[in-house]
Every structure is written in structure tokens, then in C-alpha cells.
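First the structure, in the form of C-alpha cells, and then the observations on it.
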Amino acid sequence: MIFLILNSEDVMLLEVIYNKYSKFMYKVAYSILHNKYDAEDAVQQTLIKLTSCIEKIGAVEDKKTRNFIGIICRNIAVNIYNKSKKCVDVDDIGKYDNIPDDENDLSLIIISRENMDKIEKFIYSLDEKYQNVLFLKLQYGYSIGEIADILDISYTLAQKRLERGRNKLKEFLKKEMNRYE
């Protein structure tokens, strides 16, 4: 943990910046995140980030200051967005682990938080042997060799379970996609 000690002038400068630019920062963050709470978090993180580069801030009223704050806020909002979005490339599950692919595979599927809950419930409905390999691969990014070591099974068995679990997940995703078409 890093502790920054700010003098009273810096604290007052941050307070002035917040009063002057909080609505601007919120608009920047909200335009990216489309979520009130995440946008508020982005504003707070922007202020925290500004504490580490307070010496770069000139006059509060200056357009350069506004742009500097906007860039920091935008980058923080993008980082929050990237962390919160759930992307699953079904075709890439095991792609580098020599799992054969169909020609009819789904391409990239971007999953919202709501749909991620459905997918997790589906994975939990599978046999435990498929649950384990899918979560280890999707959530934690382990290779087949690492999964085999963790589960104390052979590489081939881990590969086969991942392939079967992946196919079950793909069938589920196809059904979900068909429901919305």
C-alpha cells in the first residue's frame, strides 16, 4: 500500500478541482461506462490518481488542466469497463492446447454481467469434473497441463474433460443465442 502525504495546498487544490470538474469527470466516465456507480468510482479513482501527479496541474481554470483531467478520467473509465466486461472467446478455450475445433464454431461472444450469471449457473449444473476444468481454464487461465496437475489427473483426461465441457458450453450458448433471434 502506498501512502501519499499531501500538504494543505494540495488538498485545497484537489478540492477546487473536484468542485470545478466533478460533473465533467462524471460525464466522461458515464459516456464510457453507462453505469452510475461505476462512473462515480471512476471520478473517485481519478482524484486519487491526481494526487500522484498534482505537480503537473497548472491553473485550475486552464483548458490544459481540464484536458489532463479528462484524459486521466477517460483512461480510468476504460480500465473499469475492461475489467467489468466479460468476454469469452469460446473458440479460444484450449486453442493452444491442441483441442480440435469444428468449422461451425461460434466466434467471439461478449457476455454481459447478467448473462454471465446464466453461464455460471449452467456451468454449475454440469458434472463437477466439467465444472472444475471450465472454471480453471476460463476464470483462472490455467493451461491443460496445470489443470491436470491441480486436479491430479492425466493430461489427456484433462484435455478430454475440457473438450467435453467446452462443447456443452457451446451448445448452451447456441441455444441462448437462438432464443434472442
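Please treat every number below as a calculation from the coordinates, not as lab data. Quantities reported herein were computed from a predicted structural model and do not represent experimental measurements. Neighbour counts run over all protein chains shown; Cβ positions are idealised from the backbone, glycine included.
Where a ≥ b ≥ c are the square roots of the eigenvalues of the C-alpha gyration tensor, would you call the stretch 8-84 rounded, which needs a/c under 1.5, or, failing that, prolate if a/b is larger than b/c, or oblate?
Prolate.
Expressed in nm to one decimal, what extension gain is obtained for the pair T51 and N75 from 0.36 nm per residue of sequence separation less their Cα-Cα distance?
Stretched out fully, the T51 to N75 stretch lengthens by 7.1 nm.
How far apart, in nm, are two points set 7 Å out from the Cα along the Cα-to-Cβ line at D41 and at M177?
Computed distance between label sites D41 and M177 equals 2.9 nm.
Quick one: length gained pulling R66 to K160 fully straight, 0.36 nm per residue minus the C-alpha distance?
Length gained between R66 and K160: 28.3 nm.
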